[in-house]
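A.B. asks: There's a structure below that I have some questions on.
The values are calculated or read from the model by the stated rules, or taken from the named source; none is laboratory data. Just so it is clear, the structure is predicted and the values come from calculations on it, not from any experiment. Positions of Cβ are backbone-derived with ideal geometry, glycine not excepted, and every protein chain shown enters the neighbour counts.
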Amino acid sequence: MQLRTTLLASLVGVALAGFVALSTAEVRLPGDHSGYQPAQPIAYSHRVHAGENRMDCQFCHTAAEKGRHAGIPPLSTCMKCHEKIVNKPGSKEPSPEIAKLAQAFKDGRPVEWQRIHRLPAFAYFDHSRHVNAGVACQKCHGEIQTMDAVFQANPLTMGECLTCHRDTNLKLVQSGKPAAAPTDCSACHH
Amino acid sequence: MRIWKSLGHKRRDVQATKAEFDEELPVGEAVRQLSRRDFFRWSGVGFAVGLASGCDSKKAHKALALVQGRDGFTPGTDLWFATTCAGCSAGCGALAKSRDGRVIKLEGNPEHPVGRGALCAVGQAQLRDLYDGERLKGPRLGAKDADWAALDADLVARFKAAKSLRVLSRTITSPTLRKAVDGFLKNLPGARLVEYDTLSASALAAAYQRTHGARLVPDYRFEKADFILAVEADFLGTWINPAGFGRAYASRRTPDGKGDGQSMSRHVQVESGLSLTGSNADTRIRVAPSEAVGFLEHLAAAVEHGSPLRILDPKLAAKVAGLAAELREHAGRCLVVCGLNDLHAQVFAARLNQALGNEGVTVELARPSLQRQGDDGALHGLLQDLAAGRVDAFVVLDANPAFEVPGFAAAAAKVPLRLGLLRHDDETAALCTHLAPDHHALETWRDSEAVAGVWSLHQPLLEPLFGTRDAAESFAAWSGAPLPAQEQVKALWRSQVFPTIGGLDFDAFWHDAVQRGFADVGTKATAPAYKEDRAKTQAEWSARPAPKAAAHELLLYTKAGNLDGRHAHNPWLQELPDPITKITWDNYAQLSPGTAEAMKLKQGDVVRLRAPGLPDLVLPVAIQPGLHGRTVAVALGYGRARAGRHGTHVGGDAFPWVGGGELRSYQGLALEVSPTPQHMELACTQDHHLMEGREPVREMAYAAYAKDPASARPPEPHGGMGSLYNPHPKGKHQWAMVIDLSKCSGCSACVISCQAENNLPVVGKDEVRRKREMHWMRLDRYYTGSEEEPGVVHQPMLCQQCGNAPCENVCPVIATVHSEEGLNQQVYNRCVGTRYCANNCPYKVRRFNWFEYDRSDPVENLALNPDVTVRSRGVMEKCSFCIQRIQRAKADAKNEGREVKDGEFQTACQQSCPGMAILFGDLQDPASEISQALKDPKRYLVLGELGVLPAVSYLTKIRNAEIPSEGAAHGGHHA
């Protein structure tokens, strides 16, 4: 009797502990890297460029409407402005971060950015299709114009892709147009 | 049984072998040694660690951007560059797909006059050749790595001291390289260039010297020939320009002339083995290897109404009369080609073409081929000079004489200076004191003139991977006038090509030439006229001893993939099944079924071939229907002693058996065949998938078809109960394919093209024996008729993308599902490897990854197509209809706000096919070519009676000959 009570009590205890642990811990699907925010070699701010200065995303990410990758701009693109703009925003003090950029350009040495958004190798994603279909960059990348240091805002899982594709098709069909966002496996897996 | 695919199948004595999936999935030793208890213990730990670390690691990945942006460069998109294939000397025009600065695919250049848009298996495999991590990586002096300056300094001093230097090369088809070599030789008194070809056409050139007073190799126009007679010439496989010839030939192999009033050509092959070309002939005449020359003499005499000097086997003599009548009937519209390296045979062939009025029509003498210009006599002289110590330095340029030329290695070892401009650490490299490795042809500027007046350009498609140097640059440096390869090519084109094209601005011309990949300057030369001294030939021929018939006579040939062994290091080509025998990774002694039976030999029994004065050749037997009873056919190019990790010691070396002297000879040698107690299992794919009594190929006689095309229509299938399931919803496109069996020659270009496009792994000989080859596109070869004189039908077999697919409804994890566009999608990341789908596939086209195949070499991995997932162990895969190309075309069309155009993109197999046998397109577009092709009465479905509704259909093979005992088409079922 004594033994059984102890066993039962400990089982309940373990179950409770497990429940508490599960409800407080972060539970996520495998492959969900949301929140990932590595330190970058240059403290480049999307908030300053895309937010305050209202630069169009494709001003720098020129490949986004043309190909599979949005592309990281070559240093020569940065230097078009930063030959002149060398100070911290709204200040007369030279920016050490821009100095790093200028130095790398002078040395002909690529900057080793830390990649944030990565899909698995068996998933094929084409930026051009999404950009040309009018999907806003923020839909997948979050409110990038508010980020000083970029982090992965969304899980970027297959569920997320499919939800958006199905919602898009639903809206299209409801407005009398044919579905356009593919949901075939081979649209992304080949 | 009318259609059969192997002797065992015909004789109904197929031995029960293990089925593809009899074996369990092999598990690594480390896992096997764990006890069950340990397994769970460690799994628990692993699970806990996994939880703690949040399921998957956040390994940091760098993203590097360019420093300086480049116009026209968009990361992740394709750029196409025109270049020239250097897989053999044919110099077919190629288009190279470049992604982010590296080549990922080669395709034929449709505008190019040589390849005419075709690119053969060897050409397709040049991609793997470029990214071969075992290439020579830099200059060597003695046995040590050196730098170029040190090598040059050392060499220049030695060249000055050399009194009689020889440059030994395969025929140089590059005018720029030839000029560089000439410039180098000019400064060195007593120095000479010797060119040779492993597959020599020396007799062909010598024959035209005799008959027309000009040493030349003609170019041939198969598209203009109504009747083709080929004697021992494998012009679709390995002879001179197989891809270009293949395209020209296939254009006349359709019974439905496309409104140009041209009828289907008729092709007769006279041969002792069964070549790829012979397998396509409408009629084959079997001769013994030693009889072919006599046959041609008889034929020439019969056509010219003369009387032959030699007595021929009466059975063959009877066939000559019929053939002569056919040739005369097609005078001026026929073609005789001969692949024998025998002066008299070639003289008879030249006489035939002349007498029949084929010159200037099908035989082009004014614009001859510039391939295979090598002179066997000069090579023979070099060997004598070497043996006598009259040569004190030699330079080998892009050749492997230590392997290909019997006696070279022994004679050359005495020469003090031995320099190699090579690409691989091969037998010749081992012999050299100095190595100046050449770039790969895709890494450098070069040109090629394979047919007189067609100048073709190579342009570099990536920075050289290793510390090599262009051969023309090397010669220029040693001549004291160093000049980059690009400048050399440009200078020669400025002086030789630009003036004939005309125009004011060389830069504009050059830009255009680089973009197109070639310039056709034509020729002002006139064809030499016939002026043979017949008495001389007659006297020689009478004095020539008649060949003695031997019980066994040798036939040396080359395989379409491996050629003369120069591609032995390339595993794609080693694993390519031979188009006829379907054997991979080996050479063997082919015997006819009758001969093998008489000697009580079975497939794989090892025999010893003996001939006086030659090293014994020990090889397994491959029993080959269609061979002449006296023929022992052995492929050259195997048994390499130094060919890297893939090619070394594969098969046996038959080069010592090539006859030397003034003309190298490849056939007719009498030899002894004696059995040995050994047996070896050949890695043959032909028995892997059995037909179970069904007949997947249909054939029909041209005469019957021409009379009533509708009679080709196959009977309605008797099954076809339909599906229990609702029909699949149809999207905007329905992709389908039609394959014309009359145009497919079995050349296997599609197999390698698919391998390159879809990242197919190489599995090796042992795994092929276990039926685990990974080719998505395979070529099934069927025989019809008797063992002695079989007809052959080649059938490309790939996933049929069934509309009612047996694979789909057995998958427990829904990893293979139907798409709206009619495709059976295979989702690798979902597949758990039950293999149910492959077991349920009636076409046996699914491939299972038994292992994590080797992807450890970062250089080799550069050949991977970034649009196609590299599959991992335990995953099923199969043909996807090149889904990545479909998706790309759709995305491009949508981005440009238009519809996908018919023919806008091609599948990899379709693009490479020299015969243009494969048609692919969208059935939802009623105007598309494929929608039209579906109405063809010749169309049938393989295993259509199963009701699986394949999206791939075939067109009945039409033979321009009587088909024994059958008037109408046979086998197959209508859709």
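A.B. asks: If the requirement is being more than 24 Å from B:V793 (Cα to Cα), modelled with pLDDT of 90 or more and outside any loop (DSSP other than H, G, I, E, B), which of these qualifies: B:A568, B:A529, B:A551, B:A539?
C.D. replies: Working: B:A568 fails: outside any loop (DSSP other than H, G, I, E, B); B:A529 fails: outside any loop (DSSP other than H, G, I, E, B); B:A551 fails: outside any loop (DSSP other than H, G, I, E, B).
Of B:A568, B:A529, B:A551, B:A539, the one residue that is more than 24 Å from B:V793 (Cα to Cα), modelled with pLDDT of 90 or more and outside any loop (DSSP other than H, G, I, E, B) is B:A539.
A.B. asks: Residue check, A:K139 against (1) over 20 Å from A:P182 (Cβ atoms); (2) away from every other protein chain (no Cβ under 14 Å), all met but one. Which one?
C.D. replies: (1)
A.B. asks: So, one more: Could you tell me which residue of segment B:786-831 is farthest from B:P577 (Cα to Cα), considering only residues that are away from chain A (no Cβ under 14 Å) and among the β-branched types (V, I, T)?
C.D. replies: Applying the filter and picking the extreme gives B:V810.
A.B. asks: What about B:A325, is it surrounded by fewer than 24 Cβ atoms within 10 Å (Cβ to Cβ) and closer than 24 Å to B:W541 by Cα?
C.D. replies: Values: surrounded by fewer than 24 Cβ atoms within 10 Å (Cβ to Cβ): yes; closer than 24 Å to B:W541 by Cα: no.
Here the answer is no, as B:A325 does not meet what is asked.
A.B. asks: Kindly indicate whether any position in segment B:196-205 is touching a Cys at 6+ places or on another chain (Cβ under 8 Å) and surrounded by 24 or more Cβ atoms within 10 Å (Cβ to Cβ).
C.D. replies: Step one: of segment B:196-205, the residues touching a Cys at 6+ places or on another chain (Cβ under 8 Å) are B:204.
From what's left, surrounded by 24 or more Cβ atoms within 10 Å (Cβ to Cβ): B:204.
Yes, segment B:196-205 contains a residue that is touching a Cys at 6+ places or on another chain (Cβ under 8 Å) and surrounded by 24 or more Cβ atoms within 10 Å (Cβ to Cβ).
A.B. asks: Turning to a different aspect of this structure: Can you tell me which residue within segment B:855-873, out of those that are part of a loop (DSSP other than H, G, I, E, B) and in contact with a strand residue (DSSP E or B) (Cβ under 8 Å, 6 or more places away or on another chain), is nearest to A:F125 (Cα to Cα)?
C.D. replies: Going residue by residue through segment B:855-873, those that are part of a loop (DSSP other than H, G, I, E, B) are B:855-859, B:864-873.
After this cut, where a residue has to be in contact with a strand residue (DSSP E or B) (Cβ under 8 Å, 6 or more places away or on another chain) as well, the list is B:864-866, B:871.
Numbers: B:L864: 18, B:N865: 15, B:P866: 12, B:R871: 18 Å.
Here the answer is B:P866.
A.B. asks: Which of (1) assigned to a helix (DSSP H, G or I); (2) within 14 Å of chain A (Cβ to nearest Cβ) is the odd one out, the single condition B:C909 does not satisfy?
C.D. replies: (2)
A.B. asks: Okay, moving on. Within segment B:185-243, which strands (runs of 3 or more DSSP E) (wholly inside it) include 3 or more residues that are within 28 Å of B:R534 (Cα to Cα) and either without any contact (Cβ under 8 Å) to a residue 24 or more places away in the chain or not hydrophobic (A, V, I, L, M, F, W, C) (or both)? Outline the logic, then answer.
C.D. replies: Details: elements: B:192-196, B:217-220, B:227-231.
In segment B:185-243, B:217-220 are the strands (runs of 3 or more DSSP E) which contain 3 or more residues that are within 28 Å of B:R534 (Cα to Cα) and either without any contact (Cβ under 8 Å) to a residue 24 or more places away in the chain or not hydrophobic (A, V, I, L, M, F, W, C) (or both).
A.B. asks: Considering B:E788, B:E767, which residue is of a type outside the set (V, I, T) and part of a loop (DSSP other than H, G, I, E, B)?
C.D. replies: Working: B:E767 fails: part of a loop (DSSP other than H, G, I, E, B).
Answer to the check: B:E788.
A.B. asks: Only one of B:L614, B:L556 is touching a residue at least 40 places away in the same chain (Cβ under 8 Å), of a type in the set (A, V, I, L, M) and closer than 30 Å to B:L127 by Cα. Can you tell me which? Show your work before the answer.
C.D. replies: Working: B:L614 fails: closer than 30 Å to B:L127 by Cα.
Every option except B:L556 fails the conditions.
A.B. asks: (1) in contact with a Leu (Cβ under 9 Å, 6 or more places away or on another chain); (2) more than 14 Å from chain A (Cβ to nearest Cβ): which one isn't true of B:F851, the others all being true?
C.D. replies: (1)
A.B. asks: Would you point out the residue of segment B:755-772, among those that are among the hydrophobic types (A, V, I, L, M, F, W, C) and touching a strand residue (DSSP E or B) at 6+ places or on another chain (Cβ under 7 Å), that is farthest from B:F851 (Cα to Cα)? Step through it out loud before you land on a result.
C.D. replies: Step one: filter segment B:755-772 for residues among the hydrophobic types (A, V, I, L, M, F, W, C), giving B:756, B:760, B:762-763, B:768.
Retained after the next criterion (residues that are touching a strand residue (DSSP E or B) at 6+ places or on another chain (Cβ under 7 Å)): B:756, B:768.
Details: B:A756: 19, B:V768: 13 Å.
Among them, the one singled out is B:A756.
A.B. asks: Which residue out of B:F475, B:F506 is buried (at least 17 other Cβ atoms within 10 Å of the Cβ) and not assigned by TED's automatic domain parsing to the domain that holds B:E672?
C.D. replies: Numbers: B:F506 fails: buried (at least 17 other Cβ atoms within 10 Å of the Cβ).
Only one candidate passes the filter, namely B:F475.
A.B. asks: For B:R135, indicate whether it is in contact (Cβ under 8 Å) with a residue 40 or more places away in the chain, among the basic types (K, R) and at positive phi.
C.D. replies: Details: in contact (Cβ under 8 Å) with a residue 40 or more places away in the chain: yes; among the basic types (K, R): yes; at positive phi: no.
It is false that B:R135 is in contact (Cβ under 8 Å) with a residue 40 or more places away in the chain, among the basic types (K, R) and at positive phi.
A.B. asks: Of the conditions (1) within 23 Å of the chain's Cα centre (by Cα); (2) more than 22 Å from B:A410 (Cα to Cα), B:G629 clears all except one; give me its number.
C.D. replies: B:G629 satisfies all of (1) within 23 Å of the chain's Cα centre (by Cα); (2) more than 22 Å from B:A410 (Cα to Cα) except (1).
A.B. asks: List the pairs whose first member sits in segment A:53-70 and is at positive phi and more than 10 Å from chain B (Cβ to nearest Cβ), whose second member is surrounded by fewer than 18 Cβ atoms within 10 Å (Cβ to Cβ) and not hydrophobic (A, V, I, L, M, F, W, C), and whose Cβ atoms are under 7 Å apart, counting only residues at least 6 apart or on separate chains?
C.D. replies: Hits for this filter: zero, empty list.
One line per residue, one yes/no per condition, for (1) surrounded by fewer than 20 Cβ atoms within 10 Å (Cβ to Cβ); (2) within 30 Å of B:A430 (Cβ to Cβ):
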{"residue": "B:A302", "(1), (2)": "no, no"}
{"residue": "B:R310", "(1), (2)": "yes, no"}
{"residue": "B:V320", "(1), (2)": "no, no"}
{"residue": "B:V405", "(1), (2)": "no, yes"}
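Okay, residues lined up against (1) free of Cβ contacts under 8 Å to residues at least 40 places away in the same chain; (2) in the same structural domain as B:Q800 (by TED's automatic domain parsing); (3) loosely packed, with under 15 Cβ neighbours inside 10 Å:
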{"site": "B:A710", "(1), (2), (3)": "no, yes, yes"}
{"site": "B:N726", "(1), (2), (3)": "yes, yes, yes"}
{"site": "B:H733", "(1), (2), (3)": "no, yes, no"}
{"site": "B:A756", "(1), (2), (3)": "no, yes, no"}
{"site": "B:R770", "(1), (2), (3)": "no, yes, no"}
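A.B. asks: Of everything in segment A:71-96, what is away from every other protein chain (no Cβ under 14 Å) and in contact (Cβ under 8 Å) with a residue 40 or more places away in the chain? Give them in sequence order.
C.D. replies: A:P89
A.B. asks: Shifting gears a bit: Anything in segment B:428-444 that is under 16 Å from B:D145 (Cβ atoms) and not in a helix (DSSP H, G or I)? List them, or say none.
C.D. replies: As a first pass, look at segment B:428-444 and keep what is under 16 Å from B:D145 (Cβ atoms): B:429-430, B:432-437.
B:C432, B:T433, B:H434, B:L435, B:A436, B:P437, listed by residue number.
A.B. asks: Please identify the pairs in which a residue from segment B:652-675 that is without any contact (Cβ under 8 Å) to a residue 12 or more places away in the chain has its Cβ atom under 9 Å from the Cβ atom of a residue that is surrounded by 15 or more Cβ atoms within 10 Å (Cβ to Cβ) and small (G, A, S), counting only partners at least 6 apart or on another chain.
C.D. replies: If the second residue must be surrounded by 15 or more Cβ atoms within 10 Å (Cβ to Cβ) and small (G, A, S), the pairs left are B:G659/B:S665; B:G659/B:G668.
A.B. asks: If B:T676 meets every condition in (1) surrounded by 15 or more Cβ atoms within 10 Å (Cβ to Cβ); (2) hydroxyl-bearing (S, T, Y); (3) more than 20 Å from B:E553 (Cβ to Cβ) apart from one, which number is that one?
C.D. replies: Only one criterion in (1) surrounded by 15 or more Cβ atoms within 10 Å (Cβ to Cβ); (2) hydroxyl-bearing (S, T, Y); (3) more than 20 Å from B:E553 (Cβ to Cβ) is unmet by B:T676, namely (1).
A.B. asks: Ok, one more. For residues that are under 20 Å from the mean Cα position of the chain (by Cα) and either outside any loop (DSSP other than H, G, I, E, B) or farther than 21 Å from B:G921 by Cα (or both), tally how many sit in segment B:720-764. I'd like the intermediate steps shown before the answer.
C.D. replies: Residues of segment B:720-764 that are under 20 Å from the mean Cα position of the chain (by Cα), as a first pass: B:739-764.
Keeping just the survivors that are either outside any loop (DSSP other than H, G, I, E, B) or farther than 21 Å from B:G921 by Cα (or both) gives B:739-740, B:745-757, B:759-764.
Residues meeting the conditions: 21.
A.B. asks: What are the residues in segment A:170-190 that are surrounded by fewer than 17 Cβ atoms within 10 Å (Cβ to Cβ), at the interface with chain B (Cβ under 9 Å from one of its Cβ atoms) and not β-branched (V, I, T), if any? So that I can check it myself, show each step before the final result.
C.D. replies: Just the residues of segment A:170-190 that are surrounded by fewer than 17 Cβ atoms within 10 Å (Cβ to Cβ), to begin with: A:170-178, A:180, A:183.
Still in the list and also at the interface with chain B (Cβ under 9 Å from one of its Cβ atoms): A:178, A:180, A:183.
A:P178, A:A180, listed by residue number.
A.B. asks: Hey, among the residues in segment A:97-134 that are free of Cβ contacts under 8 Å to residues at least 24 places away in the same chain, under 14 Å from A:C164 (Cβ atoms) and more than 8 Å from chain B (Cβ to nearest Cβ), which one's farthest from the chain's Cα centre (by Cα)?
C.D. replies: Across segment A:97-134, the extreme among qualifying residues is A:G134.
Residues checked against (1) without any contact (Cβ under 8 Å) to a residue 60 or more places away in the chain; (2) out of contact with any Cys (no Cβ under 6 Å at 6 or more places or on another chain); (3) farther than 23 Å from B:H424 by Cβ:
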{"position": "B:A441", "(1), (2), (3)": "no, yes, no"}
{"position": "B:A452", "(1), (2), (3)": "no, yes, yes"}
{"position": "B:R469", "(1), (2), (3)": "no, yes, no"}
{"position": "B:A491", "(1), (2), (3)": "yes, yes, yes"}
